[in-house]
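Before any comments, here is the structure.
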Amino acid sequence: MLESGLCSYVLISYGHSALSSDSMQRMLLDLSGDDAVFGHFGATGGYALAARRAMHEFGTGPETWKKIAVGQRRWANLNPAAMMHSKPMTEADYDNAKLIVEPLRLPDNCLITDGGRAIIVTSLERARDLKQPPAVIMGMGQHNPSTVIAQSDWMAGPTGARQAGEAAFAMADITLDDVDACQIYDCFTYTVEITLQDYGFFKPGGGRDWLQGGTIEPGGRMPVNTSGGQLSEAYFMGMTPIAEGAMQIMGRCGERQLGPATRTKSPEIILCSDNGGILQSHSCTLLRRL
Amino acid sequence: MSYDKPLPKLNSDNRPFWEGCRQHELRFQRCSDCGHVRWPPSDLCPQCHSTEINWLISKGIGKVYTFAVYHTAFHPGFAADLPYTVAVVALDEGPHFMSNIVGCRPDEVKCDMPVKVVWEDVDERITLPKFRALS
Amino acid sequence: MTSPIKDKYAIVGVGYTPQGRVPGRTSLSFHLEASANAIKDAGLNKNDIDGFISYRNFPAASDENELTPNIIAQHLGLSPIYMSQDAN
């Protein structure tokens, strides 16, 4: 609507008393529909089905997901606003964590958070006159495979990320090599793996090796979810990754700022993803510094 | 003893399916025009948009496409069943159907495991199709 | 062919609220605080906002009414040209 000239300044807002109210409890039964007849509830159950199929198709599993959980926790430990700021996590902590819906453990799940997050989007022309350095949108893409998990045959990839990513990169006219950091919608550790895989960072099953040696962590060569993400900072749906992407581009992240503070590359280009349902919707946005 | 788990909601789309279950028949809609066998049921073929259907009776045989083992009770009615297995079964006729695997331990369930339908009569209205390993 | 929207738009403000376990507040109050903070962060005035998207909401808590974009816009004092709720 900005491009059509309909609007000049768009506000996008999220707010939820998710932890302290009974809203989530109501959602569990409301949205499970007839799946509840067979004891299938919620997002953890849905992504557990996807993760198990991925284990079968390309040999992933907790040894890969552990690195995502522990890696992102390290970013949260640098972020005073993160729910898990003062809770370090070791690989042993992950291994000992309880199974919720197997193969997913508690640290494979995103947080439930009270709070809100909002962003403003406008034209670059107007942005130049405003307070903050703008996070410029280089490219975007979407793809919504839509089908519920019970009838999905792409839960182990390629998900909507493949097509959405291709469109975003084509629009931005860049390649993966140009990306300095990623903010990946991380409702579950598996979501991060399959998203990065479908974007082309590694081949099916290559995630475990790719993550080795702290790739996504402070000091790593491809930082992922630098606020701690939905896994360790706060769950605000797609607002968690996009807000952090913008703030990092703007250089306002303090102790967790990409660049010298965290022994990483100062970010020119950040890849942000959004996801909906059980891998049913995907969007990819590439942000850059002016 | 009262049944304390959720029951399916019957409506014009799915009533023939649940009536079939009462007779221990697993029924699916096959599109008369393109042959696609669909689940969940509806008036429209998602492949070709035809509204012509006939209902086939499935042999009830398929493979576990994927599964998840619940270690947490999200609903009190399932607390006594923990740990229990929810699976997506790929039936030989094509549809993917979500149900439970029964008759074996959760750690015995594997992807691609052959299974066959078994029937759980809940009450005079509802019979649930579940699946067990085909030996 | 270059896309008409490449490098033409930008995120210019981000609004935060207290987050984590923050009991005793409505979901509406979080929308309002985040939105007001984002507008201030951008150096804008609420009257500048002419497009509004609110994120999909979960079912309302039993002590709150269902939140629609209309309700949030009303409390923000907005009457945007474009308004919708995110599909996911």
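Data for the structure
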| read-out | value |
| --- | --- |
| Enclosed volume per residue, in Å³, of the convex hull spanned by Cα atoms of segment A:223-290 | 81 |
| Isotropic mean projected area of the C-alpha convex hull, the protein assembly as shown (nm²) | 24.8 |
| Sparse-neighbourhood loop sites, trypsin sites (Lys or Arg not before Pro) in segment A:36-113 - DSSP loop, at most 15 other Cβ within 10 angstrom | A:98 |
| Residue pairs, from the table B:5/B:116; A:131/C:46; A:265/C:40, whose Cα atoms sit over 20 Å apart | B:5/B:116; A:265/C:40 |
| Angle between chain A longest axis and helix A:160-172 axis [Cα atoms, degrees, rounded to 10] | 10 |
| Value at 222 nm in deg cm²/dmol, rounded to 500, when DSSP H runs of n ≥ 4 in chain B each add -39,500 (n - 2.57) | -1500 deg cm²/dmol |
| Whether segment A:143-192 is rounded, prolate or oblate, judged on the alpha carbon gyration tensor where a/c under 1.5 counts as rounded | oblate |
| Top of A:47, A:14, A:199 by mean-square fluctuation, Gaussian network on chain A, Cα under 10 Å | A:14 |
| Ranking of A:210, B:55, A:65 by count of other Cβ atoms within 10 Å, fewest first | B:55, A:210, A:65 |
| Total charge dipole magnitude, chain A, about the Cα centre, Cβ charges on Lys, Arg, Asp, Glu only, Debye to nearest 20 | 680 |
| GNM result for chain A, Cα springs below 10 Å: residue of A:37, A:136, A:70 fluctuating most strongly | A:37 |
| Options A:13, C:36, A:210, ranked by Cα towards positive dipole end of the protein assembly as shown, top entry (Cβ charges) | A:210 |
| Segment residue A:22-residue A:209, extension gain: residue separation times 0.36 nm, minus the distance between their alpha carbons | 63.2 nm |
| On Cα atoms only, tilt of A:189-199 relative to the major axis of chain A in degrees | 60 |
| Hits among lysines - C-alpha to C-alpha of residue B:110 under 22 Å, sequence gap 8 or more where chains match | A:98, B:59, B:63, B:130 |
| Distance-filtered residues of segment A:103-135 - backbone nitrogen under 20 Å, label point 7 angstrom along residue C:40 Cα→Cβ | A:115-121, A:130-133 |
| For the protein assembly as shown, with +1 on Lys and Arg beta carbons and -1 on Asp and Glu, the positive-most of B:48, B:101, A:262 along the dipole | A:262 |
| Cβ-placed point charges (K, R +1; D, E -1), dipole of the protein assembly as shown about Cα centre in debye, nearest 20 | 780 |
| Cα shape, chain A, gyration tensor, a/c 1.5 rule | rounded |
| Highest-fluctuation residue, A:115, A:45, A:141 considered, GNM on chain A with Cα pairs under 10 Å | A:115 |
| Dipole of segment B:15-133, positive end: most advanced residue of B:16, B:31, B:133 [Cβ charges, Cα centre] | B:133 |
| Local electrostatic count, residue A:267, Cβ distance below 15 Å [Lys/Arg +1, Asp/Glu -1] | +2 |
| Within-11-Å neighbourhood charge of residue A:52 [Cβ basis; K, R +1; D, E -1] | 0 |
| Neighbourhood net charge (15 Å Cβ-Cβ; Lys/Arg +1, Asp/Glu -1) for residue C:9 | +1 |
| Charge dipole magnitude, Cβ of K and R +1, D and E -1 - segment B:15-133, Cα centre, debye nearest 20 | 180 |
| Helix-only [θ]222 nm of chain A, DSSP H runs n ≥ 4, -39500 (n - 2.57) each, per residue, nearest 500 | -9500 deg cm²/dmol |
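We did not get these values from a lab; they are worked out from the coordinates using the rules stated. Everything numeric in this text was worked out from a predicted model, so none of it was measured. Every residue, glycine as well, gets a Cβ built from its backbone with ideal geometry; the counts of neighbours run over all protein chains shown.
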